[in-house]
Amino acid sequence: MQANDLPTDLRPDARPAWHARLMLEYGHERGRTVLARREHEGPLAVQKSLYPEDGICHNFVLHPPAGIANGDELDIDVRLGHRAHVVLSTPGAGKWYRSAGALAQQQLKFAVGDGAVLEWLPQETIFYSGAIAQLHTRIDLHRNARYLGWEINCLGLSASDSPFAAGRVRQHSEIFTDGRLRWSEQGRICGDDPLLASAVGLGRFSLHATMVAVGAQFDPAVIQALRALNSTDRLLAVTLVDNVLVLRHLGHSAQTARNLFAECRKLLRPALCAVEAQSLRIWNT
């Protein structure tokens, strides 16, 4: 579906597009990770650094407009130096609104240095019917770096009987270690695509989520424990390729997806960085 094919009732009034950029650079000083440098343009920022865990820096990425639409561009660049350990999340759902015809874009660039650990744990992303979105995530790891991250994508608002009936979403994610491509995935979802209902597509599920962990040797017992979390009401698939662990979930509830992935993180985090997992306080507010 092209932008000008959107039904008239899915085209909001045009507004100036936001072009926002955020750069965060972390270092390790005196036994703890610190936010050593930050730059931002437009409506992107981070809250004050928190230390609910000894030496681990927690930050929450803020996007005050609370929604993305109609030509908006977000560019987030995060760099971790030697031995830094950072947990990044968001205070609320990301919302991609219907477009007046222009493409909205988000680019995430993560560079994780020697011995560093990055955990990217955003709350869900909601794509409203009529959204025209393109998202690209690139993760560059040092050979001794570790990464754990997820994305929880909601197509439309199933609770309000507002399906993703128009628009399109393109996504591309890739992980490199010392410049070598380890994992790459691309997807394109259109509101009128039969694959939304097909058993070989999303099977009428309105939510699809992916979690990726890389940088550790994963014990078969951990993988078995992860697979044991799969059930009829919490669908979970687990694959390990080139020592990149990928978990996938299909469902209808963002809360269920967050809870499921939080359980997976409890199993994975000790193996990944020798630290027990604990819930982020903001998830409970």
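Within segment 174-191, residues that are in contact (Cβ under 8 Å) with a residue 24 or more places away in the chain reach partners that are of a type in the set (Asp, Glu) and open to solvent by less than 60 Å² (accessible area, probe 1.4 Å) with beta carbons closer than 7 Å, at six or more positions or on different chains, in the pairs Phe176/Asp140; Trp183/Glu174.
Consider segment 260-279 and keep the residues that are part of a helix (DSSP H, G or I) and among the small types (Gly, Ala, Ser). The one that is nearest to the chain's Cα centre (by Cα) is Ala262. Total residues in segment 70-93 satisfying the condition of being open to solvent by 30 Å² or more (accessible area, probe 1.4 Å) and over 20 Å from the mean Cα position of the chain (by Cα): the figure is 2.
Restricted to segment 244-281, and to residues there that are surrounded by fewer than 16 Cβ atoms within 10 Å (Cβ to Cβ) and in contact (Cβ under 8 Å) with a residue 40 or more places away in the chain, the residue that is nearest to Ser89 (Cα to Cα) is Arg281. Could you tell me whether Phe164 is under 27 Å from Val117 (Cβ atoms) and either without any contact (Cβ under 8 Å) to a residue 40 or more places away in the chain or not β-branched (Val, Ile, Thr) (or both)? It is false that Phe164 is under 27 Å from Val117 (Cβ atoms) and either without any contact (Cβ under 8 Å) to a residue 40 or more places away in the chain or not β-branched (Val, Ile, Thr) (or both).
Checking each residue in segment 1-37 for being among the charged types (D, E, K, R), surrounded by 14 or more Cβ atoms within 10 Å (Cβ to Cβ) and modelled with pLDDT of 95 or more picks out Arg21, Glu25, Arg32. Considering segment 94-111, the residues that are out of contact with any Lys or Arg (no Cβ under 8 Å at 6 or more places or on another chain) and of a type in the set (A, V, I, L, M) include one that is most open to solvent (accessible area, probe 1.4 Å), namely Leu103.
Within the option set Ile139, Ile152, Ile132, being modelled with pLDDT of 95 or more, touching a helix residue (DSSP H, G or I) at 6+ places or on another chain (Cβ under 6 Å) and within 23 Å of Val78 (Cβ to Cβ) holds for one residue only, Ile152.
With respect to (1) open to solvent by 50 Å² or more (accessible area, probe 1.4 Å); (2) modelled with pLDDT of 95 or more, the lone exception for Cys57 is condition (1). Within segment 117-153, the set of residues being of a type in the set (S, T, N, Q) and either open to solvent by 10 Å² or more (accessible area, probe 1.4 Å) or outside any strand (DSSP E or B) (or both) comprises Gln123, Thr125, Ser129, Gln134, Thr137, Asn144. In segment 169-187, is there at least one residue being hydroxyl-bearing (Ser, Thr, Tyr), over 15 Å from the mean Cα position of the chain (by Cα), at pLDDT below 95 and assigned to a strand (DSSP E or B)? No.
The values are calculated or read from the model by the stated rules, or taken from the named source; none is laboratory data. On a predicted model such as this, the values are computed, not experimentally measured, just so you know. In this analysis, Cβ positions are derived from the backbone assuming ideal geometry, glycine residues included, and neighbour counts consider all displayed protein chains. In case anyone asks, the SASA skips ligands and DNA or RNA and just uses the protein heavy atoms, side chains included. Shrake-Rupley method; radii C 1.70, N 1.55, O 1.52, S 1.80 Å.
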